[in-house]
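Structure first, commentary second.
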Amino acid sequence: TNGSGDFGVVGMLSDPPLTTAPPTTGVFYFTVDATGVPLNVYEYRVNPTGSVFEIYDVAAVALSASGNEAYITGTAQVSITEAYTFIIKIDVNSGALLWSWVYDVSNSTNPNRDMAADIIESPYSSDVVVVGHTYETGLSEDAYLFTVDAASGAVTGTVQLYGGSSSWDYFSSINIANQVGGFIIGGYTAPSSASPHDSWMMLIDAAGSPIWN
């Protein structure tokens, strides 16, 4: 809900075929009233200056503590081998875009894919926490976690990678663990990109250090 009795929906829009410019994909947000009648529709493009990013997917959405803003994360790609995590923050009542960023998680010189999975506003700081996984050509896949400033979207701290150098590790969800003042993260891990995969859970403190794994 958006705080006024209406409901909000987010997702990915596509207007194929893909072209070089402008981008043909984006993020949508629309509201409906309690009876399902549509009220407003908004559209956002993830297109940094000088680059054309197509939306690969919209992975997750989280409301702010006030309920007046929403953080939307997903993956935007430049090519099939090069993709990055994006986060946008919107005002759920007006639909205004408050900020929008694309993040290079691995910061590698090689083609890489940084795939977002889930996002949450931290109750322990003024940050937003996003999790997912990153893959660099020729290497295995690692789970990632990083934080951004809720007011500006700028990265705070350093990107933290989890998993083994010879395993394929993925984070898929994050939630607040009030009992310990940290976060509980779910995902899966595998010895290769093929099956079988094992379920993976990790409890971390507010700073990102594992408590158990």
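The values are calculated or read from the model by the stated rules, or taken from the named source; none is laboratory data. Keep in mind it's a predicted model, so treat the numbers as computed, not measured. Methodologically, a virtual Cβ is constructed for each residue, glycine included, from the backbone with ideal geometry; neighbour enumeration extends over all protein chains shown. Calculation scope for accessible area: heavy atoms of the full protein, side chains included, ligands and nucleic acids excluded. Shrake-Rupley method; radii C 1.70, N 1.55, O 1.52, S 1.80 Å.
How many residues, within the stretch 168-183, are closer than 14 Å to D205 by Cβ and assigned to a strand (DSSP E or B)?
Result for the stretch 168-183: 5.
Please go through the stretch 180-197 and pick out each residue that is more than 20 Å from T147 (Cα to Cα) and open to solvent by less than 80 Å² (accessible area, probe 1.4 Å).
Matches in the stretch 180-197: T189, A190, S192, S193, A194, H197.
When you look at Y84, is it open to solvent by less than 30 Å² (accessible area, probe 1.4 Å), in a strand (DSSP E or B) and hydroxyl-bearing (S, T, Y), yes or no?
Considered against the rule, which asks whether it is open to solvent by less than 30 Å² (accessible area, probe 1.4 Å), in a strand (DSSP E or B) and hydroxyl-bearing (S, T, Y), Y84 comes out as yes.
Would you confirm, using the coordinates I've provided, whether W200 is open to solvent by 40 Å² or more (accessible area, probe 1.4 Å) and either touching a strand residue (DSSP E or B) at 6+ places or on another chain (Cβ under 9 Å) or β-branched (V, I, T) (or both)?
It is false that W200 is open to solvent by 40 Å² or more (accessible area, probe 1.4 Å) and either touching a strand residue (DSSP E or B) at 6+ places or on another chain (Cβ under 9 Å) or β-branched (V, I, T) (or both).
If you scan the stretch 129-153, which residues turn out to be modelled with pLDDT of 95 or more and either more than 13 Å from the chain's Cα centre (by Cα) or surrounded by fewer than 17 Cβ atoms within 10 Å (Cβ to Cβ) (or both)?
The answer is D149, A150, A151, S152.
Got at least one residue in the stretch 130-143 being of a type in the set (S, T, Y), over 26 Å from F86 (Cβ atoms) and in a strand (DSSP E or B)?
No, the conditions are met nowhere in the stretch 130-143.
Just a yes or no: is a residue in the stretch 148-167 within 16 Å of A83 (Cβ to Cβ), assigned to a strand (DSSP E or B) and touching a residue at least 40 places away in the same chain (Cβ under 8 Å)?
yes
Read through the list (1) over 21 Å from the mean Cα position of the chain (by Cα); (2) among the polar types (S, T, N, Q); (3) closer than 16 Å to S122 by Cβ, then give the number of the only condition that S209 fails.
Failing condition for S209: (1).
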